[in-house]
Amino acid sequence: MKDGFFHSYHLGWSRLDAESLLGDLAAAGLRLDHPATGRITLVSPGSELPATQARVTWEQLVTVAGLQRLDEISFLLWVRSGAEVYARIRRTGGGVVALEFGLHGLSQDDQELAVRAIREAIGRASVLCIGFVVDREGASEATDWDGVIVNGTTLFDSWPDTLAVRHEVAAVQPQLSGVASFEQSPWKLFGSEVPSR
């Protein structure tokens, strides 16, 4: 079992974006409903597991995930094996919304399925996605990734597996200067998953 996370940052978030994301995650293999019970679970805001959980409908989750009335929501996603993925959608300021997915406690296979599903889902919304970070081990979890990805002003202690930022952020973040990167519009990708040429 490994710890880790996947954080993604988006502009112009709305209820329609939330509905699209949740549908894309489900299509890619991360279910909203528990494989055995069929329940969709909302987790009390700001809580880590175990936390107060409430059963909601698809429509209720989509409505609150659009962040029209709240600044943050948390919920559970599920992989086929029944393992849970803790998810949080929150406002960071400046019109940016962070999508955070915890990969804690997943087997390597489940973790790879989750990372692939999230990458696929945010790839469909790449125009709105200003950057993301994947750290399968969680070594860089203490880093202020909001500061790194949104405006490039924060330094990090440990390299994640993958870091994707806009070109203007890569240009001002000193740790990214002279480091091998890969162009994948609209981002520059850094880290161990960058293909060697």
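The values are calculated or read from the model by the stated rules, or taken from the named source; none is laboratory data. In this text the structure is predicted, and so the values were computed from the model without any measurement. Positions of Cβ are backbone-derived with ideal geometry, glycine not excepted, and every protein chain shown enters the neighbour counts. These accessible areas exclude ligands, DNA and RNA; they are computed on the full protein's heavy atoms, side chains included. Shrake-Rupley method; radii C 1.70, N 1.55, O 1.52, S 1.80 Å.
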Seminar exercise, completed: Sorting Thr153, Ala142, Gly66 by the position of each Cα along the dipole of the stretch 66-178 (Lys, Arg +1; Asp, Glu -1; all at Cβ), the one nearest the positive end of that ordering is Gly66
Exercise. To the nearest 20 debye, what charge dipole does the chain have about its Cα centre, counting +1 at the Cβ of each Lys and Arg and -1 at the Cβ of each Asp and Glu?
Worked result: 420 debye
Problem set entry | Alpha-carbon spread of the stretch 1-103, three principal axes, descending order, Å | 38, 30, 27
For this session: Quick one: compute the contact order of the stretch 43-197, relative version, from alpha carbon pairs under 8 angstrom and 6+ residues apart, as a percent.
Result: 13 percent
Exercise. On the first, second and third principal axes, largest extent first, how far apart are the outermost C-alpha atoms of the stretch 72-130 in Å?
Worked result: 37, 22, 13
Exercise. How big is the convex hull of the Cα atoms of the chain, per residue, in Å³?
Worked result: 115 Å³
For this session: Using just the helices of the chain, give the 222 nm mean residue ellipticity in deg cm²/dmol: DSSP H runs with n ≥ 4 each add -39,500 (n - 2.57), and the total is spread over all residues, rounded to 500.
Result: -7500 deg cm²/dmol
For this session: Run the accessible area of the stretch 1-132 with a 1.4 Å probe and give the carbon-and-sulfur part as a rounded percent.
Result: 50 percent
Problem set entry | Furthest towards positive pole of dipole, Pro35, Ser14, Pro174, structure part the chain, Cβ charges | Ser14
Problem set entry | Column: log10 I(q)/I(0), Debye, Cα scatterers of the stretch 88-182, q = 0.14, 0.18, 0.19, 0.20 Å⁻¹ | -0.54, -0.91, -1.01, -1.12
Exercise. Mind ordering 156-167, 71-82 by average Cβ neighbours within 10 Å, highest first?
Worked result: 156-167, 71-82
Exercise. Quick one: helix 15-27 against the long Cα principal axis of the chain, what's the angle to the nearest 10°, folded into 0 to 90?
Worked result: 90 degrees
For this session: Find how many whole Å separate the alpha carbon centroid of the stretch 168-190 from the alpha carbon centroid of the stretch 27-103.
Result: 30 Å
